[in-house]
Amino acid sequence: MVLPILCSKARWISPSLAALLPSSVCRDPFHVLTSNSLGLPRKRSDSDSRIEQTNLVQVSSVKNSIMRLEVSSSAKFIVKNVPKPKNEVEVFDDIKQRFLSFKKRVYMQKLEHYRRLAEVQVPKFMVIACADSRVCPSNILGFQPGEAFMIRNVANLVPPLENGPSETNAALEFAVNTLEVENILVIGHSRCGGIETLMSMQDELNSSFIHKWITKAKFAKFKTKSVAQSHSFDEQCRHCEKESVNRSLLNLLTYPWIEDRVKNNLLSIHGGYYNFLNCTFEKWILDVNIDCNTDGAKYLFKDHEIWS
């Protein structure tokens, strides 16, 4: 049974339509709409029982159609039928089946494990990876629920502390200070669109979100240009993809609560690089040795491995 919403002048709107109205008109399905909120005349003759066509809320319901609400300058609301995108139902049916398969074959088979996870998470890894759809860490490295706390962004960047708050350092703060992860792993990858954008940028004046974000890796670009100037653009991008990971590893040390745990051997920092052209994975460690006789930290990228 559909419970309608009572509007002034005995006008009725179903909850499904109310959900489409602007929040200033209707905040939830049980609000009462007024003539003013619908753009209707403030006063009306009692003898006039007709409702002007321009003030009608017209609803047309067709099976497998989407309803779109249009607001004209005369404040009339009209819901029109819009065909669903082709294959939308099939796409979500497929996702539904994947979920049901996960529930049956994984969740129910490890019910006690998932019940424990519902109470607490104790991951050993903090993973920073690219948002690229081809490089899901759980897929390529087999992380299971509860094993890794993750943040993914364009080009897997870790901005330095001086750049201010971001979703990346917020995730780092929670993972290191609250969850007390033992390892941070930054994963780069082949043919990264973010790095290619960075390498092809002529200046930093572009106001797009992507350009503003990707310039955080500009030092990796500068170093790449200095050591691989004679190389092709593609080769420079491959070099910068790894150099950017190293720069992010060093940026991690700009956060005092990360540096302290690294110095006390409570946290280790790792770099990784996934090449999906030949399905290999490179892994290395950032080793930091604080020298009291110098102003900064000495570091070494070591223990480089290639998994193939």
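The values are calculated or read from the model by the stated rules, or taken from the named source; none is laboratory data. Worth saying up front: this structure is predicted, and the values here are computed from it rather than measured. Every residue, glycine as well, gets a Cβ built from its backbone with ideal geometry; the counts of neighbours run over all protein chains shown. Each accessible area value is taken on the protein alone, full model and side chains, heavy atoms only, with ligands, DNA and RNA left out. Shrake-Rupley method; radii C 1.70, N 1.55, O 1.52, S 1.80 Å.
For the pair LEU205 and CYS279 in one chain, pulling the backbone fully straight at 0.36 nm per residue adds 23.0 nm over the alpha carbon distance. Its Cα centre serving as origin, segment 146-258 has a Cβ charge dipole (Lys and Arg +1, Asp and Glu -1) of approximately 360 debye. By definition, a body whose alpha carbon gyration tensor gives a ≥ b ≥ c is oblate when a/c is 1.5 or more and a/b is not larger than b/c, and segment 84-220 fits this oblate description.
FRET efficiency for the pair LYS218 and ASN183, taken as 1/(1 + (r/R0)^6) with r the Cβ-Cβ distance and R0 = 30 Å, rounds to 0.65. Calculated accessible area for segment 221-308 comes out at 57 Å² per residue, all protein chains present (probe 1.4 Å; ligands, DNA, RNA ignored).
Remark: segment 140-153, residue by residue, has Karplus-estimated 3J(HN,Hα) of 7, 10, x, 4, 9, x, x, 8, 9, 8, 10, 9, 10, 9 Hz, where x stands for each Gly or Pro and the curve is 6.51 cos²θ - 1.76 cosθ + 1.60 at θ = phi - 60°. Would you please give the FRET efficiency between GLU88 and SER133, computed as 1/(1 + (r/R0)^6) with r the Cβ-Cβ distance and R0 = 25 Å, to the nearest 0.05? Once the sixth-power term is evaluated, E becomes 0.85.
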